[in-house]
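Working notes for the structure below.
None of the figures in this text is laboratory data; all of them are computed from the coordinates on show. Keep in mind the model is a prediction, meaning the values are calculated, not measured. All Cβ positions, even for glycine, are placed from backbone atoms using ideal geometry, and neighbour counts span all protein chains on display.
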Amino acid sequence: MRYPWWRLLLFCSIASVPCYWLYLAAVAALGPDPGKVLVDNLGQGALVLLLCSLAMTPLRSLTGWSGWIVFRRQVGLWAFGYAVLHLVAYLYFLLGFEFGDFAAELVERPYIALGVIALVGLSALALTSTQWSMRKLGKRWKKLHRIVYPALIVVLLHMLWVVRSDVGQWSLYATLAAILLAARLPAVKRALGRLNARRRS
Ligand code: HEM
């Protein structure tokens with residue numbers, strides 16, 4: 001396994017953030033509605049990690065360092081982990097585990113349905129992220145993992161629906177997402193490769 005200590009450090013860093021938020025909630029430092037803050041923080045954390053995982057491939061093209069790819073899977077799995085915690089926090093803090101209310105919310109609030117769609121997409125990616133799945137699915141693995149692009153767009157719509165008029169932070173995420181999606185275009189990929197070659201020579 002390459003870079004085991006860096007992987008461990010990354011694992012501990014990402015895992016410690018929700019623990020810190022829980023601690024802040026426990027000491028009443030998250031304001032009058034800590035449950036809502038936890039749900040929002042975990043949702044934004046999931047989105048940030050998703051963007052980070054999508055940044056790894058363009059960073060490899062730009063820098064030529066293959067190490068980025070070593071961390072891509074871990075960061076992608078953490079995006080899924082945060083999204084699951086976001087769902088659990090929502091069910092617990094906002095719905096009090098009333099699953100009947102969840103069914104009603106799905107109908108009344110379309111953004112909840114968008115969240116579910118995005119989470120189903122991320123679940124498919126997480127479940128097939130193993131070496132075994134890669135071998136078993138062969139060429140189909142790459143195709144399947146392209147789900148991440150529509151999933152990212154659905155997450156952005158989900159967030160936009162929540163924040164509505166206050167789109168400052170959303171615009172930042174949407175711009176980063178647009179850059180990362182554009183970096184997948186063949187012409188941009190070639191340009192990144194050329195930049196890397198020029199930097200090396
Ligand atoms: C079953 C799936 C999901 C459910 C039920 C759900 C539910 C929610 C709810 C209720 C809110 C608004 C909380 C409030 O009132 O402020 C929210 C916000 C948000 N969610 Fe989700 N969500 C789901 C999936 C996801 C996924 C997969 C992501 C990202 C990968 C995500 C990212 C966000 C973001 C970024 C926000 C905005 C947070 C903010 O306003 O700061 N959600 N979600």
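Some values worked out for this structure:
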quantity: Rounded tilt (10° steps) of 99-108 against the dominant C-alpha axis of the chain; calculated: 70 degrees
quantity: Fewest-first sequence of Met1, Met56 by Cβ atoms within 10 Å of each Cβ; calculated: Met1, Met56
quantity: With eigenvalues of the C-alpha gyration tensor scaled by 5 and rooted, region 1-120, Å; calculated: 31, 19, 11
quantity: Where trypsin sites (Lys or Arg not before Pro) in DSSP loops with at most 10 other Cβ within 10 Å are excluded, longest remaining stretch of the chain; calculated: 3-163
quantity: Largest-first principal axis extents, alpha carbons of region 49-106, Å; calculated: 51, 16, 12
quantity: Dipole magnitude of the chain, debye to nearest 20 (Cβ charges: Lys/Arg +1, Asp/Glu -1, about Cα centre); calculated: 2000 debye
quantity: Top of Trp65, Trp161, Trp132 by mean-square fluctuation, Gaussian network on the chain, Cα under 10 Å; calculated: Trp132
quantity: Convex hull of Cα atoms in region 4-200, direction-averaged projection (nm²); calculated: 13.6 nm²
quantity: Within-13-Å neighbourhood charge of Tyr149 [Cβ basis; K, R +1; D, E -1]; calculated: +4
quantity: Sparsely packed GluC sites (Glu not before Pro) within region 21-115, loop by DSSP, other Cβ within 10 Å at most 15; calculated: Glu98
quantity: CD proxy at 222 nm, helix term only [per DSSP H run n ≥ 4: -39500 (n - 2.57); per residue of the chain; nearest 500]; calculated: -27000 deg cm²/dmol
quantity: Integer Hz, Karplus 6.51/-1.76/1.60 couplings in order for region 73-86, x for Gly and Pro; calculated: 5, 4, 5, x, 5, 5, 4, 5, x, 5, 5, 5, 5, 4
quantity: Farthest positive-ward along the chain dipole, Cα basis, beta-carbon charges - from Val88, Leu176, Tyr111; calculated: Leu176
quantity: Residue of Val39, Val167, Val75 that the Gaussian network model of the chain assigns the largest fluctuation, springs spanning Cα pairs under 10 Å; calculated: Val167
quantity: Two-decimal Rg/Rh across region 92-188, once Rg and the Kirkwood Rh are taken from alpha-carbon atoms; calculated: 1.06
quantity: Exposure proxy order (Cβ contacts within 10 Å, fewest to most) of Asp166, Asp101; calculated: Asp166, Asp101
quantity: Phi to ³J(HN,Hα) by Karplus 6.51 cos²θ - 1.76 cosθ + 1.60 over region 168-183, Hz, x for Gly, Pro; calculated: x, 5, 4, 4, 5, 4, 5, 5, 4, 4, 4, 5, 5, 6, 5, 5
quantity: Order of Phe97, Phe11 under a 10 Å beta carbon neighbour criterion, fewest first; calculated: Phe97, Phe11
quantity: Cα→Cβ-extended label distance, 7 Å offset, between Trp6 and Leu181, nm; calculated: 3.0 nm
quantity: Whole-Hz couplings from phi, Karplus 6.51/-1.76/1.60, listed for region 51-56; x for Gly and Pro; calculated: 5, 4, 5, 6, 7, 4
quantity: Principal-axis tilt of helix 148-163 within the chain, Cα atoms, nearest 10 degrees; calculated: 40 degrees
